[in-house]
Protein chains: 2
Amino acid sequence: MTATRTHPEVAPHESKAKLLNAALYVIRARGYSATRVEDICESAGLTKGSFFHHFKGKEDLAVAAAEHFSAMADGLFAQAPYRSLPDPVERVLGYVDFRKAILLGDLPEFTCLLGTMVQEAYETHPRIREACDRYIASHAHAVAADIAAAMAARGLHPNLNIDWTAESLAFYTQAVIQGSFVLAKAQRNAAVSADCLDHLRRYLEQLFRPSQSQTGPSPSA
Amino acid sequence: MTATRTHPEVAPHESKAKLLNAALYVIRARGYSATRVEDICESAGLTKGSFFHHFKGKEDLAVAAAEHFSAMADGLFAQAPYRSLPDPVERVLGYVDFRKAILLGDLPEFTCLLGTMVQEAYETHPRIREACDRYIASHAHAVAADIAAAMAARGLHPNLNIDWTAESLAFYTQAVIQGSFVLAKAQRNAAVSADCLDHLRRYLEQLFRPSQSQTGPSPSA
DNA sequence: GACATCATACCGACTGGTAGGTATCTTACG
DNA sequence: CGTAAGATACCTACCAGTCGGTATGATGTC
C-alpha cells in the first residue's frame, strides 16, 4: 500500500503530510469537534498508530493543520498571476478576482480551515484560536501591504475624509470572504460567495477611484 | 403554540423555553458538536429527563433553537428605532448602525447562532443546515425589502451600470456580519466587527448617494 | 365533592456505543 | 544495533439516549 517507502528521499514526512492534507479536507467538511481522528487516518490511508506518532493529540493536529493551511495559502497567493501587476490598485482588485476564480469544486476544497475551526474552538481551545487568529492576521497583513501601496499610489491618506486604514480594509476583505463561505455552506452553493466578491470589488474600485472628493478639501496637514 | 393547557396564562412550557435559551448561549460559545445536552440542561437548571421529554434529540433541539433564535431576532429588529425612519435609504443605513450598536457583552451574547451552527453542520446534519439557511434567507429577505425601497427612492434600477440586485446586496450585508463575527471570535474582540460595519456603511452610503453617474447614460432599456 | 383515571412534566440512574489516547509489537533503514 | 515509522489491540472516559419512576393537575362520573 504505502510502497513509496522504497524512495526515502521523496519526502521526509510523507505520512505526516498525508495526515495534514486529509485533515484539511475532513475538518472543513465536518468541523473540528465532529471530526474523529480515525476519520483523518482513514482519509489518509493510515492508522492511529501513525497518527499519534506524529501528533500529540487531536488539538495538536488542529494547530499543525492551521499552519499547514496557511503555508499552502501563502504559496498559492504568492504564485498567483495578479501578484505581478505593476499598479498596486490593480493588485488589490486582482486579489479579489483571484479569490473569486478559486471558488471551484466542492465547498471543503476552497473554504477556509481557519474560519471554520475558530468558530467552534475560540472559547474552548485557546491554542487553536490563537493559531487561527495568527494566520488570518498574517494573511490580512499581506493584503494590507497592497492596500497601503494602493492608497499611496492614489494619494489617499487617513484624514478627516478617509477615516479608515489599510489594516481595517484588509480585515474587511477577510470578513467578506469568511462570511461568504458561511452563506455558501448554508445554501450549499458558492454562487453567493461570487456575488459577495463582486460587491467587495465594487467597494474597492470606488475607494480607489481617482479624482473623487475623497482626498478632502485640504490634503495638506 | 402548544396551548394544550387549560390555563394558557401560565407560561406554556417554561422549561422548554429555558432549555432553548440555554442552548442559544451554550451553542454559540462551544459550537454545536462540542455542546453536550447535559451542558444545556445544567445551564437551564433542568435534567436530561426534562430535555428528552421536550426534544426528540440533540439535532431536534438545534433545529428548534434556530427557529427560536430567528423569532427573537425578528422581534428585536421589528422593534428597533430605525424601523420608523421614513426614508428607506436611512432605514438601510440605520440597520447597519443598529447591528453595530448591539455588539455588546460577551461574544456568545451577540454572535449568530445560525452562522455558528451551519459551519459545522452543513455537511453532516441536513435538517440543521436547512433551518439555518431558511432563517438566514428570511432575515436577508427583510433587509432586501428596505434595500429595494431605497433603490426605488433613488431611482436606481438594475441595468448596465447597476449590475446588482436588492437580494444580492442584502446577502452581502449578511456576509459582512457573519464574517465579522468569525474575525471577532479569532481576536476575542468585537472591535473588528464594528470596523467592518463601518466599511459596509460606507459602501451603502455611496451606492445610494444621489446624483452620481450610477443611473447610467441611458436608463431606458 | 370525592374518587378514579389519565396525561403532562420532570427526575436521575443506567447503558451501550463511541472515540481519544496508550501500550506493545513489527518492520524498515542507516 | 538503534531509531524512526507504522500497525494492532486494548483501555477508559465520556455522552446521547433510555427507562422506570414520581408529582401534579385536569377530567369525568356518581
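Values computed for the structure shown
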| item | result |
| --- | --- |
| Residue-span extension gain [A:Leu104 to A:Glu90] - 0.36 nm each, minus C-alpha spacing | 2.8 nm |
| Number of partner chain Cβ atoms within 10 Å, mean per residue of B:197-207 | 4 |
| Sorted peptide list for B:37-45, A:107-115, criterion being average Cβ within 10 angstrom, highest first | A:107-115, B:37-45 |
| Gyration tensor (Cα) of chain B, equivalent ellipsoid semi-axes in angstrom | 38, 19, 16 |
| Cβ crowding within 10 Å averaged over residues, with A:49-62, B:159-172 ranked highest first | B:159-172, A:49-62 |
| Residue-wise HN-Hα coupling along the stretch A:80-89, computed from phi with Karplus coefficients 6.51, -1.76, 1.60 (Hz; x: Gly, Pro) | 5, x, 4, 4, 9, 5, x, 7, x, 4 |
| Greater than 18 Å apart at Cα, pairs in A:Lys100/B:Lys100; A:Lys48/B:Lys58; B:Lys18/B:Lys185; A:Lys100/B:Lys185; B:Lys18/B:Lys56; B:Lys16/B:Lys58 | A:Lys100/B:Lys100; A:Lys48/B:Lys58; B:Lys18/B:Lys185; A:Lys100/B:Lys185 |
| Residues whose placed amide H lies under 5 Å from that of A:Trp164, excluding near-sequence neighbours | A:Asn159 |
| Shielding by partners, peptide B:109-118 (average Cβ within 10 angstrom, other chains) | 3 |
| Ascending list, in nanometres, of distances separating the A:Ile162 label from those of the other copies (7 Å, Cα toward Cβ) | 3.0 |
| 7 Å along Cα→Cβ, label-point gaps from B:Ala149 to other copies, nm, shortest first | 4.6 |
| Chain B, relative contact order [Cα under 8 Å, separation at least 6], % | 20 |
| Whether the protein assembly as shown is rounded, prolate or oblate, judged on the alpha carbon gyration tensor where a/c under 1.5 counts as rounded | oblate |
| Label-point gap, in nm, between B:Ser15 and A:Thr47 - each point 7 angstrom along Cα→Cβ | 4.8 |
| Per-residue mean of C-beta atoms belonging to partner chains within 10 Å, peptide A:184-196 | 6 |
| Mean separation of Cα contacts under 8 Å, 6 or more apart, over the residue count of the stretch A:123-182: relative contact order % | 35 |
| Most positive-pole-ward Cα, A:His54, A:Leu114, A:Gln79, against dipole of chain A from beta carbon charges | A:His54 |
| Computed magnitude of the charge dipole of chain B (debye, nearest 20; Cβ of K, R +1, Cβ of D, E -1) | 180 |
| Spherically averaged projected area of the stretch B:59-145 from its Cα convex hull (nm²) | 5.9 |
| Folded to 0 to 90 degrees: helix B:126-153 orientation relative to chain B principal axis, Cα | 30 |
| Degrees separating the helix A:191-207 axis from the principal Cα axis of chain A, which is the longest one | 30 |
| Degrees, to the nearest 10: A:166-187 long Cα axis against longest axis of chain A | 50 |
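Each value in this text was obtained by applying a stated rule to the coordinates, not by laboratory testing. No experiment lies behind these values; they were computed from the predicted model shown. Note that each Cβ is placed from the backbone with ideal geometry, even for glycine, and that neighbours are counted across all protein chains shown.
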